[in-house]
Amino acid sequence: MAGNTLGRVFTVTSFGESHGPAIGCVVDGCPPGLALTAEDIQQDLDRRKPGTSRHVTQRQESDRVEILSGVFEGITTGTPIALLIRNEDQRSRDYGALIDTFRPGHADYTYWQKYGIRDHRGGGRSSARETAVRVAAAAIARKWLHEKYGVIIRGYLSQLGPIEAPFQSWDTVNKNPFFSANAEVVGQLESFMDELRKAGDSVGAKVTTVAEHVPVGWGAPVYAKLDADLAGAMMSINAVKAVEIGAGFASVAQRGSEHGDELTPEGFVTNHAGGILGGISTGQEVVVTIAIKPTSSIRVPRRSIDKAGKPQSVETHGRHDPCVGIRATPIAEAMMALVLMDHALLHRAQNADVKTSTPKIAGSIRTHDSSASPTASSKTNARPTDL
């Protein structure tokens, strides 16, 4: 199977299945000299792991990460970093009835037609369980990006089903099980999810990710556009069906006089472009929003077929997220970090010595208020975990 590696210079190759003995990845291209411990990675994994509230899957995984190589005496050596996360709470019997039947909305049918063999237990390689290793790898990228450039990457749930949750404050994000930046809607989200779980159905969500202090100049104008790579990375997350950069689909109704971000000596006036112009970062916040479809594993009976093409009715039981978007915020942050890390190294390789006489204007218009954020430090990395 090809297609398991992300990146050009900073690369992540993942392996493992949902119900196998372990999942993991090999991170290559990390510069030497970065102080790194398992705990640096664990704090991000703990934000993503299952079983953290009644609104998500009750699969109990500690998601303890093991660093097998690439780190000597707490410092990265520049060699490949191997990370391993052991699966501890598989319940494969829940999937016994799905050996010969395809679940609607899942990759079962397409995977079977492509490979002619399928691990039906929890989706196998197609399971969102694989995203844990992306979060682990991205913790390395986040720490390096912050120490070298002051980059801070954060995200929040901006909509759950029909309920919008407009941004209010980063302080709220880690104080509720939804990663909502709006304290006023948390009670409504709780009630909505309780009713949804009782109904045995599912719903989608929107997640917005913001990267602050990204320098101007990362990316390229044609096939290595920063926004194109971000969109591709975000679309690689399980269940993501749409990606917006900046104003996104709202730009359709905007006029050029409104959408084009004017420049002044003090900085940009707006940020409809989401911090990227012509595939290259502007120095403003990089803003990406993803749309996540409703969970396909639901108790509501759905029509399908088996391997022989005969009609079947499918009801998926077991432990599943009624809304996979609830745990998607750390994953979206991870994909942002991995892409930015790769582009930082690409820029450093070719353009580190480029100087212009034009001053770099400040990305003065902030899409998201960060006034409540703590001062970033290499120790805390100023991530949402630390707010």
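With each label modelled as a point 7 angstrom along the Cα→C-beta vector, the Ile117-Tyr223 pair spans 3.3 nm. Give me the net charge for the shell around Arg8: Cβ to Cβ below 15 angstrom, other residues only, Lys and Arg +1, Asp and Glu -1. Summing Lys and Arg as +1 and Asp and Glu as -1 gives -1. In summary, the lysines within cross-link reach of Lys310, defined as a Cα separation below 26 angstrom excluding same-chain residues under 8 places away, comprise Lys114. Along the range 109-121 the Karplus relation, 6.51 cos²θ - 1.76 cosθ + 1.60 evaluated at θ = phi - 60°, assigns HN-Hα couplings of 5, 5, 4, 4, 5, 7, 9, x, 8, 8, 7, 6, 6 Hz to successive residues, with x for each Gly and Pro.
Reported to the nearest whole Å, the Cα centre-to-centre distance from the range 110-124 to the range 225-271 is 35. With a threshold of 30 Å on the Cα-Cα distance, the over-threshold entries among Lys143/Lys198; Lys49/Lys360; Lys198/Lys293 are Lys143/Lys198; Lys49/Lys360.
Since only Ala337, His146, Gly275 are under comparison, the one whose Cα sits farthest along the positive direction of the charge dipole of the chain, derived from C-beta charges on Lys, Arg, Asp and Glu, is Ala337. Cross-link reach is defined here as a Cα-Cα straight distance under 26 Å, omitting same-chain residues fewer than 8 places apart; for Lys355 the lysines meeting it are Lys148, Lys225.
Based on C-alpha pairs under 8 angstrom that are at least 6 apart in sequence, the range 5-386 has a relative contact order of 22 percent.
Ranked by the mean number of other Cβ atoms within 10 Å of their residues, highest first, the peptides 274-284, 163-173, 7-17, 255-265 come out as 274-284, 7-17, 163-173, 255-265. Of the peptides 223-234, 101-112, the ranking by mean beta-carbon count within 10 Å, highest at the top, reads 223-234, 101-112. Fully extending the segment from Arg8 to Thr356 would add 122.6 nm, taking 0.36 nm per residue of separation and subtracting the current Cα-Cα distance. For the range 5-386, the dipole from Cβ point charges (+1 on Lys and Arg, -1 on Asp and Glu) about the Cα centre works out to 1040 debye, to the nearest 20.
Per-residue ellipticity at 222 nm from helix content only, as computed over the chain with -39500 (n - 2.57) for each DSSP H run of at least four residues, stands at -7000 deg cm²/dmol.
I need the shape label for the chain. Rule: rounded when a/c is under 1.5, else prolate if a/b > b/c, else oblate, with a, b, c from the alpha carbon gyration tensor. Verdict is prolate for the chain. At full extension, Val252 and Val186 could sit 20.7 nm farther apart than now, given 0.36 nm per residue minus the alpha carbon distance.
Every number here is computed from the coordinates shown, using simple stated rules; none is lab data. Bear in mind the structure is a predicted one, so any value in this text is a computation, not a measurement. In this analysis, Cβ positions are derived from the backbone assuming ideal geometry, glycine residues included, and neighbour counts consider all displayed protein chains.
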